[in-house]
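Working notes, structure below.
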Amino acid sequence: MTTLLQQIANGIALGATIGLIALGYTMVYGIIQLINFAHGEVFMVGAFGGLATYRWLLPEGIRGDWYLSLPLMLLGGVVVAVTVALLMERFAYRPLRNAPRLAPLITALGVSIVLQEAIRLWFPDADAAQPFPKAFLDAQIKIGPISLRATQLLLIAVSIVLSVLLQTYVNRSKMGRAMRATAQDPDTARLMGINPNRVIVLTFAIGAALAGVAGVLYGIDITNVDNAIGFQNGIFAFTAAVLGGIGSLRGAVIGAFVIGLIKTLGGQYMPGGTQYDYVWIFVVLILVLVFRPQGLFGEAERVRA
Amino acid sequence: MTALAQDTAHPVLEARGVTMVFGGLTALNDVSLRLDRGKIVGLIGPNGAGKTTFFNCLTGLYTPTKGTVLLSGRRLAPDPSEVTIAGVARTFQNIRLFPNMTVLENVLVGRHCRMRQGPIASLLHGPSFRREENAAKQRSRELLAFVGLASAEDEIARNLPYGDQRRLEIARALATDPKVLLLDEPTAGMNPQETEAARQLIFAIRDTGVSVVVIEHDIKFIFGLCDSVSVLVQGELLVEGRPEVVRADPRVIEAYLGKPPEEIESETRGAAEQDKREKP
């Protein structure tokens, strides 16, 4: 029983990370129907941005105080992630806006490799995993029979708060409405005075900011990062977005929690243990796609028209 | 010359020699149109005459091969969002609402280009953000009341009856604070009562100071509504003038009507009914 609860808690913490990344996948897809496979790498460079901030920008005196250094690391991670995402949009995707859909998709894979290799080559010593500072915030917090790292709780809290904020922003603000309008009918949206490029840039920026936050928090939770964390978590996040119904914000977050739970529970209880936990994730994905191709919360294709 | 003097010296909307060529096909050939302040101009012509293409040129969806479009004497860039910000709004022949948004949200999207909140302000939900949101909502509700949809604001747009969707499109276009409103077949698929209501609505819009261009198949509707009528045939402007002059012009009768107007009226009515059956 304790194991079950503990694994559920671990699954939720993993889902929180994946969810922050999945939101970026689903938002970009909603606006320009591009599966941005390089989005996982945005998460990765966000983590390295936070690490670089800690190593080279933070003054010695405040490194140990997590309530000072963590916000600054988050800021550094977000700035790096957003910058990379905007450059990617401007120079890799925008020239292909009207190309056949396969072209930007392949480009996304290319961008993904470029970013992985750029970090490996140019971040000092990054051909091996880089330790994240763990001097701060390494408390274990006990809730009844289960025990979680403080960083896991932080991830869960931040993920929930940001998801709710994003939902409010998209539903209740001018630019949020412009995003939804562009997703539903880009030409008509332009005729309402909406500049599609601004909407697309904003979408990439928001997605990247969430991924940057996730990257830094993931780093301080796992305590070391390498240039492959983007690929691995990106695949999970992409799967979560598809599972929840790509284009749907709520679907991405819920899909992420489902995947987090399948991974931890499958690793614990299914034959094969943790070596096979990926298998259960993709088995569930295949089942959902067979019986509900639009995903759990996706809108059926016809309403796009 | 001051901006104000320029405003009164020029027609509010003017198209000069608009030509649109697609590949080898000339869809529009040297079409000009003049819309004076506070007037309603009708644009008629058989199917495929280029009426909607002309609207697409006016609103920047197409870049004309030749010719210019001027709003109050100033050249309009062929960019839909710029055209809307400058003050030209339109509706569509085949309705193009944002189907998954509520009625009120559709109108609020129309308000977009007149709102100023930045991304940061809307995240913080500060007082100026709330003030602007509330003002936009109030204006949108006024417009919904104006077109007769006050009680439907929370409905999802795609669930509205057909005639209401047309009115919602008009409310959304008006939300952009246009100087000129372009209506593409506003009564297609409407019954006689709805058509009459649409006519009154267009007069009411004109009375608020918005100048209007209407594309329509319903001849009787056009002649009873417009201050001036232009006839397009095969991409060329055949005749333009006051409704009674155009109606009596033998070339129009030959090229477009083909038969005395009374017979055409009943036929176009029939065609409109058929449209309604075809469109869900």
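The numbers here are math on the coordinates, done by the rules we state, and not lab data. The structure displayed is predicted, hence computed values, not measured ones. In this analysis, Cβ positions are derived from the backbone assuming ideal geometry, glycine residues included, and neighbour counts consider all displayed protein chains.
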DSSP bridge pairs, the protein assembly as shown: antiparallel proportion in percent, nearest 5: 60
Gyration tensor (alpha-carbon) shape descriptor, chain A, a/c threshold 1.5: oblate
Shielding by other protein chains, A:189-202, mean Cβ within 10 Å: 6
Average other protein chain Cβ within 10 Å of Cβ, residues B:76-89: 3
Kyte-Doolittle at least 0.5, axis length at least 24 Å by Cα - qualifying DSSP helices, chain A: A:2-32, A:66-88, A:102-122, A:150-172, A:196-222, A:249-269
Residues A:Tyr269 and A:Leu289, FRET efficiency given R0 of 22 Å [Cβ-Cβ distance, rounded to 0.05]: 0.40
Given B:Lys51/B:Lys220; B:Lys137/B:Lys220; B:Lys39/B:Lys137; B:Lys66/B:Lys220; A:Lys174/B:Lys66, the pairs whose alpha carbons are separated by over 25 Å: B:Lys137/B:Lys220; B:Lys39/B:Lys137; B:Lys66/B:Lys220; A:Lys174/B:Lys66
Cα centroid separation - the stretch A:40-113 against the stretch A:1-33, whole Å: 19
Choice from A:Leu70, A:Leu261, A:Leu58 showing the highest fluctuation, given a GNM over chain A with Cα pairs closer than 10 Å: A:Leu58
Under-5 Å amide H pairs with B:Glu236, H placed in peptide plane, nonlocal only: B:Asn29
Antiparallel %, DSSP beta bridges [both residues in chain B], to 5: 55
Within the protein assembly as shown, helix-based [θ] at 222 nm, where runs of 4 or more DSSP H residues each add -39,500 (n - 2.57), nearest 500: -18000 deg cm²/dmol
Listed residues A:Tyr218, A:Tyr67, A:Tyr278, most fluctuating in chain A (Gaussian network, C-alpha, under 10 Å): A:Tyr67
For A:168-176, mean number of other protein chain Cβ atoms within 10 Å: 5
Ascending count of other beta-carbon atoms within 10 Å, so fewest first, for A:Ile160, A:Ile286, B:Ile170: A:Ile286, A:Ile160, B:Ile170
Most fluctuating residue given options A:Met44, A:Met27, A:Met179, as computed from a GNM of chain A linking Cα atoms under 10 Å: A:Met179
Sparse-neighbourhood loop sites, trypsin sites (Lys or Arg not before Pro) in the stretch B:98-143 - DSSP loop, at most 14 other Cβ within 10 angstrom: B:Arg116
